[in-house]
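J.: One structure, pasted below without further comment.
The values are calculated or read from the model by the stated rules, or taken from the named source; none is laboratory data. All values derive from a computational prediction rather than experimental measurement. For neighbour counting, all protein chains shown are included, and Cβ atoms are generated from backbone atoms with ideal geometry for every residue, glycine included.
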Amino acid sequence: MEHQSLVKKACDYIFSHQEQVKRGNYPDFHLAAPYGWINDPNGFCYALGKYHIFYQHYPYDAKWGPMHWGHATSADLIHWDHQKVALAPSEPYDKDGCFSGSAIEFDDKLYLIYTGHVWLKEPGNDDAIREVQCLAVSEDGINFKKLGVIIEPPSNIMHFRDPKVFREEDHFALVLGARIPKDDGFDEAQVLKYTSTDLKTWHLQGPILKAPAHEAFMYECPDTFPLDGKQVIALSPMGLKPYGIERNNPSINSYAISDNKDLFDAKDLTEIDSGHDFYASQTMQSPDGRRIMLAWLTMWKLPFASYDDAWCGMLTLPRELSLKDGKLIQKPISEVTSLFKKERNFGRIDLENATFSLKKEFKPCKINFSVNLQEATAETLGLSVDEALTLYFDRQHQELTLLRREKGSFSPRSIKVNLNKPLEVEIFLDKSSIEVFVNGGEHTFTSTYYSGKRDDLYLFAHNGQASFDEVKVTNLKKVLKKKRLTLD
Ligand code: FRU
């Protein structure tokens, strides 16, 4: 079938099935598909007068399948409107999936650069694939026409995907992830850079990052951008093993900083987020010059909890990036204030072997507090979302941990904290996800949660005393809960 007919088929399917989505865990203010599956954010940009986010999408079921590009637009990055599916697999070069990629405005048109994926043997056999980079264009920002293949892989490379396009001096550039086969059987991950003057003809410049031997075998979704006088690369390495309290997710999202935009050192790679579910981040520059990032708020290789709910996967809140003392700082974008409803200010709460309930009924909300850790004597102190999640400081290990309860078991993620400064926490709590910003965005925890009661929200100090300062709970608007795809 022709591309436009396949797009129409996908939209009609979503339109006629979206009321079947079970709303129990469906996010109130994080973007999820109106029906079906989401993974990576794609084509995050400001173009033709509005913000666009596209995403890896299977519109026919709540599971991964032949990838389409879903699409939503917004004036403020918070209130999103679902748009028509932008890309559907339709051509010999992308017949098994329009994989991840990016977008750029040029000559008053919106261009998408994405990976065309083909299984050469049976579907799912990663040892026999073909991946090429493809171009599509739109004049209205909604209807896309495919323009064909623009970059073929170098001979011997099969895994070759996720182009991120950007402007550089007087030309365009893009980076993508490549898996280079090695004789010893452990392939080497590389980020390759290409340049172009017209988005159609591209020249390979070479690798800007190579994995050390026997470390990562593939870098998915690379993205590179200038930030506060340095150059940052963010990517999702495959093949890394857990290392102490780091890299404990099946899939990891890391960044490195360099003085040279064309050369990064894999030894500098640091995890971006310390929670359970943060992958395939992508950034864009807003018209006022901010660097804004979001990511897939779900994780490969784990059971997908909302699988049976006719939706699966969502995106994080957009975060503004900056650098401080050689580290990446992530803050919720200032536009999040448009979500705020009633605020309750509790001031200071002193607890000794006690709990204090902030809310007895689940409502999407933002929670703020700070604790002077040196003064607190409690063995553990923190905040619990009923039986589902606990964020706690553990004095013995000097760690802050987000503990997720999982049907009869539990899963911790931790960071080391400095006792010499107050611990400041800002939390965005949605139906089935939490985003925690620690000490003004020096660390973040981003996680989904699906099991356990979640009504009561309470502070606690266990085996000792703790004072929680500036405790505030702000109710948040359910801006995305009722959004549906409309057809014209
Ligand atoms: C990352 C990823 C990408 C690929 C896409 C396919 O999550 O595996 O490398 O383009 O998802 O959906």
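J.: Assess whether residue 451 counts as being in contact (Cβ under 8 Å) with a residue 24 or more places away in the chain and surrounded by 22 or more Cβ atoms within 10 Å (Cβ to Cβ).
T.: No; evaluated as a whole, the condition is false for this residue.
J.: Here are 201, 283, 270: which of them is surrounded by fewer than 15 Cβ atoms within 10 Å (Cβ to Cβ) and within 22 Å of the chain's Cα centre (by Cα)?
T.: 270
J.: Can you tell me which residue is nearest to residue 53 (Cα to Cα) among those in segment 230-285 that are in contact (Cβ under 8 Å) with a residue 24 or more places away in the chain, among the aromatic types (Phe, Trp, Tyr) and more than 13 Å from the ligand (Cβ to nearest atom)?
T.: 255
J.: Any residue in segment 439-446 that is more than 26 Å from residue 333 (Cβ to Cβ), among the aromatic types (Phe, Trp, Tyr) and touching a Gly at 6+ places or on another chain (Cβ under 9 Å)?
T.: no
J.: So, one more: Hey, does segment 70-78 have a residue that's closer than 16 Å to residue 145 by Cα and within 16 Å of the ligand (Cβ to nearest atom)?
T.: Yes: segment 70-78 contains one or more residues that are closer than 16 Å to residue 145 by Cα and within 16 Å of the ligand (Cβ to nearest atom).
J.: From the list 98, 134, exactly one residue is more than 11 Å from the ligand (Cβ to nearest atom), outside any loop (DSSP other than H, G, I, E, B), hydrophobic (A, V, I, L, M, F, W, C) and closer than 25 Å to residue 295 by Cβ. Which is it?
T.: Details: 98 fails: more than 11 Å from the ligand (Cβ to nearest atom).
None of the others qualify; the one that does is 134.
J.: Something else about it: Please verify whether residue 199 is within 25 Å of residue 66 (Cα to Cα) and assigned by TED's automatic domain parsing to the domain that holds residue 237, treating the condition exactly as stated.
T.: Values: within 25 Å of residue 66 (Cα to Cα): no; assigned by TED's automatic domain parsing to the domain that holds residue 237: yes.
When the stated conditions are applied, residue 199 does not pass them.
J.: I'm checking my understanding of the structure. Among residues of segment 39-61 that are surrounded by fewer than 24 Cβ atoms within 10 Å (Cβ to Cβ) and aliphatic (A, V, I, L, M), which one is nearest to the ligand (Cβ to nearest atom)?
T.: In this case the residue turns out to be 47.
J.: Please go through segment 73-120 and give me each residue that is under 20 Å from residue 34 (Cβ atoms), touching a Leu at 6+ places or on another chain (Cβ under 6 Å) and of a type in the set (Gly, Ala, Ser), ordered by number.
T.: Answer for segment 73-120, where residues must be under 20 Å from residue 34 (Cβ atoms), touching a Leu at 6+ places or on another chain (Cβ under 6 Å) and of a type in the set (Gly, Ala, Ser): just 88.
J.: List the strands (runs of 3 or more DSSP E) that sit entirely inside segment 176-229 and contain at least 2 residues that are within 14 Å of the ligand (Cβ to nearest atom), in contact (Cβ under 8 Å) with a residue 12 or more places away in the chain and of a type outside the set (Phe, Trp, Tyr).
T.: Correct list: 188-196, 218-227.
J.: If residue 451 satisfies every condition in (1) more than 24 Å from residue 379 (Cα to Cα); (2) at pLDDT 95 or above but one, which is the exception?
T.: The number of the failed condition is (2).
J.: Scan (1) more than 30 Å from residue 20 (Cα to Cα); (2) not in a strand (DSSP E or B) for the single condition residue 61 breaks and write down its number.
T.: (1)
One line per residue, one yes/no per condition, for (1) more than 29 Å from the chain's Cα centre (by Cα); (2) closer than 19 Å to residue 278 by Cα; (3) without any contact (Cβ under 8 Å) to a residue 60 or more places away in the chain:
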| position | (1), (2), (3) |
| --- | --- |
| 352 | yes, no, no |
| 368 | no, no, no |
| 378 | yes, no, no |
| 383 | no, no, no |
| 389 | no, yes, no |
| 404 | no, yes, no |
| 409 | no, no, yes |
| 437 | no, yes, no |
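J.: Considering only segment 276-299, I want to know if a residue exists there that is at pLDDT 95 or above and in contact with a His (Cβ under 8 Å, 6 or more places away or on another chain).
T.: Yes, the conditions are met somewhere in segment 276-299.
J.: Go through (1) surrounded by 15 or more Cβ atoms within 10 Å (Cβ to Cβ); (2) away from the ligand (no atom under 16 Å from the Cβ) for residue 114 and report which single condition fails.
T.: Residue 114 satisfies every listed condition except (2).
J.: Moving to a separate point now. Considering every residue within segment 447-460, establish whether at least one is of a type outside the set (Gly, Ala, Ser), in contact with a helix residue (DSSP H, G or I) (Cβ under 7 Å, 6 or more places away or on another chain) and at negative phi.
T.: Taking every residue of segment 447-460 in turn, none turns out to be of a type outside the set (Gly, Ala, Ser), in contact with a helix residue (DSSP H, G or I) (Cβ under 7 Å, 6 or more places away or on another chain) and at negative phi.
J.: While we're on this one: Return yes when residue 292 is more than 16 Å from the ligand (Cβ to nearest atom) and over 23 Å from residue 453 (Cα atoms) and no when it is not.
T.: yes
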